[in-house]
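Contents: one structure, followed by commentary.
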Amino acid sequence: MIAVIDYDAGNIKSVQKALEFLGKQAVVTRDRNEILTAERVILPGVGNFGDAMAKLKNFGLVSVLEEVAKQGTPFLGICLGLQLLFEESEESPGVKGLGLLPGRIVRIPKETGLKIPQIGWNALKYPSKGRLFEKVPEGAYVYFVHSYYLQAQEKEIVKATVEYGVTVEASVEKDNIFACQFHPEKSSEAGLQILRNFMNV
């Protein structure tokens, strides 16, 4: 069973539907026991960093997610879920993230002259290809909706990037923790392959 974390964020159901399309049992839950006994855990989401951290705290999920990371369960953050894995975000000054990975989230600079938020497709580059990208060729297009992006402290964990006025660190992998700034569940066949790969780690 795959636990999809329910913390009243946007876009959770579409992740569940994509997993069910792949033939996987996916449960949207905030139940501690369900999460800690799941084969895999996914933290999706669209929304505000500070609001999301407040909801995770209110639902008692911060310590549960820390435990998931510690016990070695494969754990995937998607979009806002990626951002929450890190220490802080310019979107919500003074709010601490989960801090499971070192780094911070910063706003895409207006000086790029590009539309913010970035909404649409972009081509992946692999600084060092991770396990999520088996059978996904470099240059594959994936779907983004975001105004903020990751600056990871440990560059070796960055497995995919895209260019959008700046180099956006689009995916990371460290031990059992994986994350994508883009939406694999909305990224056609490339995205489905990424989800399949996560099922196989």
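The values are calculated or read from the model by the stated rules, or taken from the named source; none is laboratory data. All values derive from a computational prediction rather than experimental measurement. Glycine also receives a Cβ, built like all others from the backbone with ideal geometry; neighbour counts cover every protein chain displayed. Accessible surface is based on the protein model in full, side chains and every heavy atom, while ligands, DNA and RNA are left aside. Shrake-Rupley method; radii C 1.70, N 1.55, O 1.52, S 1.80 Å.
Restricting attention to the stretch 47-81, the residues that are under 13 Å from the mean Cα position of the chain (by Cα), part of a loop (DSSP other than H, G, I, E, B) and in contact (Cβ under 8 Å) with a residue 40 or more places away in the chain total 2.
Taking each residue of the stretch 92-121 that is at positive phi and looking for partners that are of a type in the set (Phe, Trp, Tyr) with beta-carbon atoms closer than 6 Å, six or more apart or interchain, yields 103/86. Of the residues making up the stretch 1-11, those that are buried (at least 21 other Cβ atoms within 10 Å of the Cβ) and not aromatic (Phe, Trp, Tyr) are 2, 3, 4, 5, 9.
A Cβ distance below 8 Å, combined with a sequence gap of six or more or placement on separate chains, defines the contacts here; from the stretch 29-46, residues that are part of a helix (DSSP H, G or I) reach residues that are among the acidic types (Asp, Glu) and at pLDDT 95 or above in the pairs 36/67.
Just one of (1) in a strand (DSSP E or B); (2) crowded, with 21+ Cβ neighbours inside 10 Å fails for residue 122. It is (2). Residues in the stretch 142-185 that are over 21 Å from residue 47 (Cα atoms), touching an Asp or Glu at 6+ places or on another chain (Cβ under 7 Å) and not hydroxyl-bearing (Ser, Thr, Tyr): 157, 158, 159. For the stretch 25-73, a tally of residues being among the basic types (Lys, Arg) and modelled with pLDDT under 95 returns 0. Within the stretch 173-198, restricting attention to residues that are surrounded by 21 or more Cβ atoms within 10 Å (Cβ to Cβ) and of a type in the set (D, E, K, R), the residue that is nearest to residue 152 (Cα to Cα) is 173. Taking the criterion of being basic (Lys, Arg) and farther than 14 Å from residue 79 by Cα, the residues of the stretch 143-201 that qualify are 155, 159, 174, 196. Just one of the numbered conditions (1) open to solvent by less than 70 Å² (accessible area, probe 1.4 Å); (2) touching a strand residue (DSSP E or B) at 6+ places or on another chain (Cβ under 8 Å); (3) farther than 18 Å from residue 9 by Cα is not true of residue 53: (3).
Filtering the stretch 145-167 to residues that are in a strand (DSSP E or B) and touching a residue at least 40 places away in the same chain (Cβ under 8 Å) leaves 145, 146, 148, 149, 150, 151, 152, 162, 163.
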